[in-house]
Amino acid sequence: MNLAGRGGAASDLLTPAIAADLAIQFDGLEGAAAGAAVPDSDAIRVAQLYLGTVQIPASVRHGQAPQHLNSPVRSVWIVTFDGIAMPMVGPSMEPGGSVVVTGVIVDDETGDVLRAFSVSEPAP
């Protein structure tokens, strides 16, 4: 779901290619999250607490991702926020780039944060 309701948001930088670099696969089917024990509203609260923000997320999507790149894949919520800087590095971070989207991956069965990431675009 796109909570911001706007096109061209910074969270759009989480393209399928960048998601693949982060070992994230988004569900393509409507209702794929129906079996989640943790609702998306709880995943949002967990992500906000993890980042220390009350900002409304740019998007909440369901998918699969491992905790670590070589871990088993889990069913997760991917909660993204625009404009929150983190000291973490994602695959598209470049020196001099500006952080434009940060995401938190929340296990949809336990509500635990598996990991977080930041994606940037090069500075002009």
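The values are calculated or read from the model by the stated rules, or taken from the named source; none is laboratory data. No experiment lies behind these values; they were computed from the predicted model shown. No Cβ is skipped: glycine too gets one built from the backbone with ideal geometry, and neighbour counts run over all protein chains shown.
Filter the range 29-44 for residues that are touching a Gly at 6+ places or on another chain (Cβ under 9 Å) and either at pLDDT 85 or above or not in a helix (DSSP H, G or I) (or both) and give the result. Scanning the range 29-44 gives 37, 38, 42, 43.
Taking the criterion of being farther than 10 Å from residue 106 by Cβ, free of Cβ contacts under 8 Å to residues at least 60 places away in the same chain and surrounded by 14 or more Cβ atoms within 10 Å (Cβ to Cβ), the only residue of the range 40-52 that qualifies is 48. The residue of the range 102-115 that is nearest to the chain's Cα centre (by Cα), among those that are over 15 Å from residue 59 (Cβ atoms) and assigned to a strand (DSSP E or B), is 115. When the range 60-74 is limited to residues that are assigned to a strand (DSSP E or B) and small (Gly, Ala, Ser), the one that is surrounded by the fewest Cβ atoms within 10 Å (Cβ to Cβ) turns out to be 63.
A single entry from 57, 91 fulfils the requirement of being in a loop (DSSP other than H, G, I, E, B), at pLDDT 85 or above, in contact with a Phe, Trp or Tyr (Cβ under 9 Å, 6 or more places away or on another chain) and not charged (D, E, K, R): 57.
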